[in-house]
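What follows is a set of notes on a single structure, which appears directly below.
The values are calculated or read from the model by the stated rules, or taken from the named source; none is laboratory data. All values derive from a computational prediction rather than experimental measurement. No Cβ is skipped: glycine too gets one built from the backbone with ideal geometry, and neighbour counts run over all protein chains shown.
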Amino acid sequence: MRVRKAVIPAAGLGTRLLPATKAQPKEMLPVVDKPALHYVVEEAVESGIEDILIITGRGKRAIVDYFDAYPELEEHLERSGKYDVLEEIRKITEMANIFYVRQKAPRGLGDAILYAKRFVDDEPFAVLLGDDIILSNPPCTKTLIELHEEFGGNVIAVEEVEVEDVSRYGIVKPEEIREGVYRVLDIVEKPRVDEAPSNLATMGRYILTPKIFDYLKKIGPGYGGEIQLTDALRVSLRDTTLHAYRLRGRRYDIGDKFGYIIANIELALMRDELRDKLLEYLRSIK
């Protein structure tokens, strides 16, 4: 069955970016001139996704407002003759069919995904984390969809991390099938360095079958007292294949202060109207 729905969990508290995220969702922090979440939605759309469910939480009203129409602003831009900006604003509301549901409490990624059960029904679906921007050609999610069509089952994106950082991620035990594609033999959430099965870490992009909901309901709280998607994927290995794709491209963790700064610098350097001025400024810093 073709993957045509995506779920974007965006209900986290954003504690790594406090105090900025006390009143502003981390997913709505601007990266150059677009919220981080805009880039994530663009990736889903460019991957052939038609319907998107965003999992929000308390204090996330800005997400709904951003993708909604704003007639007063559009009228102002039209009267001012700012037609290029007007066209860009209107495109935001037309990107995809976007739906919302609120997670009642921040109980982990697995709990957030459970809120998507009715939306997904019995179809495979994509999950894109709202605080991870991944730039690649073709889009990472599109590649995962193609691998799901080839192998079936669940498919995840992974990336090599420094050995000392494995305790920050879900880590897979891989069996390489071909370059950059693995059959996952095991997956562990935030293992100790001496217990990690590899240094290939999950990176915020998934294709999941609806069977995952059964496992999410069965597992109890895991690391941090939260419902962990990694734990459900591990249990699902009993009857569902799991493949991993080593992403090609650039990933930015905008939920991390340094990652957020790097994202702004590097994405600004990709803009013709900003590149030369930014390079000149960076060279001038002593």
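Condition check: of a type in the set (Phe, Trp, Tyr), under 28 Å from Lys257 (Cβ atoms) and at pLDDT below 95. Does Tyr206 satisfy that? Working first, answer last.
Working: of a type in the set (Phe, Trp, Tyr): yes; under 28 Å from Lys257 (Cβ atoms): yes; at pLDDT below 95: no.
Answer is no for this residue.
What tally of residues in region 56-71 results from selecting those that are modelled with pLDDT of 85 or more and surrounded by fewer than 15 Cβ atoms within 10 Å (Cβ to Cβ)?
6
Within region 167-212, which residues are under 25 Å from Asp122 (Cα atoms) and either without any contact (Cβ under 8 Å) to a residue 24 or more places away in the chain or β-branched (Val, Ile, Thr) (or both)?
Val184, Ile187, Thr202, Ile207, Thr209, Ile212
Any idea which residue in region 97-128 is nearest to the chain's Cα centre (by Cα), counting only those that are under 14 Å from Pro210 (Cβ atoms) and either of a type in the set (Asp, Glu) or modelled with pLDDT under 90 (or both)?
Glu123
Hey, can you tell me all the residues within region 72-91 that are within 24 Å of the chain's Cα centre (by Cα) and either farther than 20 Å from Ala6 by Cα or at pLDDT 90 or above (or both)?
Residues of region 72-91 within 24 Å of the chain's Cα centre (by Cα): 88-91.
Once the filter is applied, which keeps residues that are within 24 Å of the chain's Cα centre (by Cα) and either farther than 20 Å from Ala6 by Cα or at pLDDT 90 or above (or both), region 72-91 yields Glu88, Ile89, Arg90.
Do we find a residue being in a strand (DSSP E or B) and either at pLDDT 90 or above or out of contact with any Gly (no Cβ under 8 Å at 6 or more places or on another chain) (or both) anywhere in region 209-222?
Of region 209-222, the ones in a strand (DSSP E or B) are none.
Within region 209-222, not a single residue is in a strand (DSSP E or B) and either at pLDDT 90 or above or out of contact with any Gly (no Cβ under 8 Å at 6 or more places or on another chain) (or both).
Looking at Tyr260, is it assigned to a helix (DSSP H, G or I) and surrounded by 12 or more Cβ atoms within 10 Å (Cβ to Cβ)? Lay out the reasoning, then the answer.
On the way: assigned to a helix (DSSP H, G or I): yes; surrounded by 12 or more Cβ atoms within 10 Å (Cβ to Cβ): yes.
Spelling it out, Tyr260 is indeed assigned to a helix (DSSP H, G or I) and surrounded by 12 or more Cβ atoms within 10 Å (Cβ to Cβ).
Return the total of residues in region 151-168 being farther than 17 Å from Val181 by Cα and out of contact with any Pro (no Cβ under 9 Å at 6 or more places or on another chain).
In the first step, residues of region 151-168 are kept if they are farther than 17 Å from Val181 by Cα; the result is 162-168.
Okay, now just the ones that are also out of contact with any Pro (no Cβ under 9 Å at 6 or more places or on another chain), so 162-165, 168.
Number of matching residues: 5.
Just name the residue that is nearest to the chain's Cα centre (by Cα) out of those in region 25-48 that are surrounded by fewer than 21 Cβ atoms within 10 Å (Cβ to Cβ) and of a type in the set (Val, Ile, Thr).
Of everything passing the filter in region 25-48, Val45 is nearest to the chain's Cα centre (by Cα).
Between a residue in region 22-41 that is in contact (Cβ under 8 Å) with a residue 12 or more places away in the chain and under 20 Å from Arg58 (Cα atoms) and any residue that is aromatic (Phe, Trp, Tyr) and crowded, with 20+ Cβ neighbours inside 10 Å, which pairs come within a Cβ distance under 8 Å, given they are 6 or more apart or on different chains?
From region 22-41, the pairs are Leu29/Tyr260.
Restricting the search to region 105-137, which residues are of a type outside the set (A, V, I, L, M) and either free of Cβ contacts under 8 Å to residues at least 24 places away in the same chain or crowded, with 19+ Cβ neighbours inside 10 Å (or both)? Let's see the steps before the verdict.
Step one: of region 105-137, the residues of a type outside the set (A, V, I, L, M) are 106-108, 110-111, 115, 117-119, 121-125, 130-132, 136-137.
Passing the criteria: Gly108, Gly110, Asp111, Arg118, Pro124, Phe125, Gly130, Asp131, Asp132.
Testing Lys286 on (1) surrounded by fewer than 14 Cβ atoms within 10 Å (Cβ to Cβ); (2) assigned to a helix (DSSP H, G or I), one condition comes back false. Which one is that?
For Lys286, the exception is condition (2).
Got a sec? Which strands (runs of 3 or more DSSP E) wholly within region 129-198 have at least 1 residues that are closer than 12 Å to Ala244 by Cα? Before you say what the answer is, go through the steps one by one.
Numbers: elements: 132-135, 154-160, 170-178, 181-189.
Once the strands (runs of 3 or more DSSP E) in region 129-198 are filtered for at least 1 residues that are closer than 12 Å to Ala244 by Cα, what remains is 154-160, 170-178, 181-189.
Restricting to region 152-171, what's the tally of residues that are farther than 19 Å from Ile133 by Cβ, aliphatic (A, V, I, L, M) and surrounded by fewer than 20 Cβ atoms within 10 Å (Cβ to Cβ)?
Of the residues in region 152-171, 1 are farther than 19 Å from Ile133 by Cβ, aliphatic (A, V, I, L, M) and surrounded by fewer than 20 Cβ atoms within 10 Å (Cβ to Cβ).
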